[in-house]
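Heads up: the structure comes next, in structure tokens.
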Amino acid sequence: MPSFNPAYLDWNATAPLRPEAAATMTEALARTGNPSSVHRQGREAKRALEQARRQVAALVNAAPAEIIFTSGGTEANHLALRGLAGRRLIISAIEHDSVRAAAPDAAILPVTPDGIADLGALEQMLAADARTALVSLMLANNETGVIQPVGEAVRLAHRHGALLHCDAVQAAGKIPVDRRALGADLLTLSAHKIGGPMGVGALVASPDLPLQALQTGGGQERGRRAGTENLPGTIGFGIAAEIAARSFDDYARVAALRDAAERRLLTMAPDAHIFGITAPRLPNTICISMPNVAASTQVMSLDLAGVMVSAGAACSSGKVKRSHVLEAMGVAPAEADCAIRISLGWSTSEAEIDHLVEAWGVLYARTRASAA
Ligand code: PLP
């Protein structure tokens, strides 16, 4: 085991649980009461659930009645894409696997080499087919951090009578997300990316939208998601959302740390490439290649040095598969296979960045020396 403090730089995979969320959840675990019960303890549970709903809604400027609590971002994406029957689906080429799996027959919207959805292509796709569509475009990509032109895509979609779903899992908490200003008809959130617990998320959807529940057998969540809510989880989600809503300033510091890290890495390794660097990006994400060194080798070598990052797209089995995001951006397979994702968060320190730069630099120098 390394004798120094590890540097956790994998925040896009999951963020640490906010201590305030952990404390409130611990208290909630000790209480009994189903939010659907009419007696006093049930009503208390219901009050706590509705408080969480207000806190989550406030983070994205939505109405509390629009929040449908789910078991996470994956379920919310499935509900969005499968709950509106009869629409033809258009998803961007860089969506998270949970969107791609929920819409296997969707038409694919291409992206530019910078990783930005091609709105000209979207316009053509919408105009080419009169059937009403549902477009799914994420707000920020989980691998590159590239921010998507969702507001413009919403306007285009609406002009063609289509609806737009936005996966805002990575953007929420890192940049302000305003559901009303964006105009997205459906928005996905996940608690564990913003300092809440794993296994809780939300789909934001107007109560008027004809959304079919995927799981039925209970009237919870206005009949849109049956099953007793994960009350401690939603309470933790609510607290994390409330803290996130007042903590955007932290990300100015994170952006400065990220930019400095990128400068240092590129100075050391002029042949390295940072994907999406010329596009608007989240303040915390670096997607960088170390030419001719497999991403899995980099991840393992950095792990041994006490630095935790991920390969561009590690699937749940831990195996590394080629990134469909970089592929869609036109990155050559050999280069895509050498890309890792480094992601920072509100408590990332300068010392952690020094640690990363040093460990990455040692590996880079070693691999260049052995290639010479
Ligand atoms: N959407 C995006 C963009 C993500 O990055 C993730 C998680 O990595 C998800 C959806 C899935 O969220 P969850 O882990 O809550 O199922």
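The values are calculated or read from the model by the stated rules, or taken from the named source; none is laboratory data. Just so it is clear, the structure is predicted and the values come from calculations on it, not from any experiment. Glycine gets a Cβ as well: all are built from the backbone with ideal geometry, and neighbour counts include every protein chain shown. When the accessible area is computed, the model is the full protein with side chains, heavy atoms only, and any ligands, DNA or RNA have been set aside. Shrake-Rupley method; radii C 1.70, N 1.55, O 1.52, S 1.80 Å.
A few comments on the model shown:
- Residue that is nearest to the ligand (Cβ to nearest atom), among those in segment 49-83 that are open to solvent by less than 20 Å² (accessible area, probe 1.4 Å) and β-branched (Val, Ile, Thr): THR70
- Test: residue in segment 349-363 that is closer than 19 Å to THR14 by Cβ, open to solvent by less than 10 Å² (accessible area, probe 1.4 Å) and either free of Cβ contacts under 8 Å to residues at least 24 places away in the same chain or not β-branched (Val, Ile, Thr) (or both): yes
- Qualifying residue in segment 43-54 (condition: within 30 Å of THR132 (Cβ to Cβ), modelled with pLDDT of 95 or more and either of a type outside the set (Gly, Ala, Ser) or assigned to a helix (DSSP H, G or I) (or both)): yes
- Residue within segment 267-275 that is assigned to a loop (DSSP other than H, G, I, E, B), farther than 26 Å from HIS96 by Cβ and without any contact (Cβ under 8 Å) to a residue 24 or more places away in the chain present: yes
- Residue check, ALA130 surrounded by fewer than 16 Cβ atoms within 10 Å (Cβ to Cβ) and within 30 Å of ALA256 (Cβ to Cβ): no
- Scope segment 198-213; condition near the ligand (Cβ under 10 Å from one of its atoms) and assigned to a loop (DSSP other than H, G, I, E, B); matching residues: MET198, GLY199, VAL200
- Of all residues making up segment 193-230, the number that are without any contact (Cβ under 8 Å) to a residue 12 or more places away in the chain and crowded, with 21+ Cβ neighbours inside 10 Å: 0
- Test: residue in segment 27-41 that is within 16 Å of the ligand (Cβ to nearest atom), among the small types (Gly, Ala, Ser) and open to solvent by less than 60 Å² (accessible area, probe 1.4 Å): no
- GLU152 over 18 Å from HIS78 (Cβ atoms), acidic (Asp, Glu) and buried (at least 23 other Cβ atoms within 10 Å of the Cβ): no
- Test result for THR216, polar (S, T, N, Q) and either assigned to a helix (DSSP H, G or I) or touching a strand residue (DSSP E or B) at 6+ places or on another chain (Cβ under 9 Å) (or both): no
- Members of segment 9-26 found to be more than 16 Å from the ligand (Cβ to nearest atom), under 30 Å from PRO283 (Cβ atoms), out of contact with any helix residue (DSSP H, G or I) (no Cβ under 6 Å at 6 or more places or on another chain) and not aliphatic (A, V, I, L, M), listed by number: PRO19
- The criterion of at least 3 residues that are over 19 Å from the mean Cα position of the chain (by Cα) and either of a type outside the set (A, V, I, L, M, F, W, C) or more than 15 Å from LEU326 (Cα to Cα) (or both) is met by the following helices (runs of 4 or more DSSP H) wholly inside segment 57-150: 119-128.
- Meets criteria (at pLDDT 95 or above and under 29 Å from ILE288 (Cα atoms)) for LEU203: no
- Among the residues of segment 231-245, none qualifies, meaning not one is open to solvent by 60 Å² or more (accessible area, probe 1.4 Å) and either in a loop (DSSP other than H, G, I, E, B) or on the phi > 0 side of the Ramachandran plot (or both).
- Residue, surrounded by the most Cβ atoms within 10 Å (Cβ to Cβ), within segment 163-192, restricted to residues that are in a loop (DSSP other than H, G, I, E, B) and without any contact (Cβ under 8 Å) to a residue 60 or more places away in the chain: ALA184
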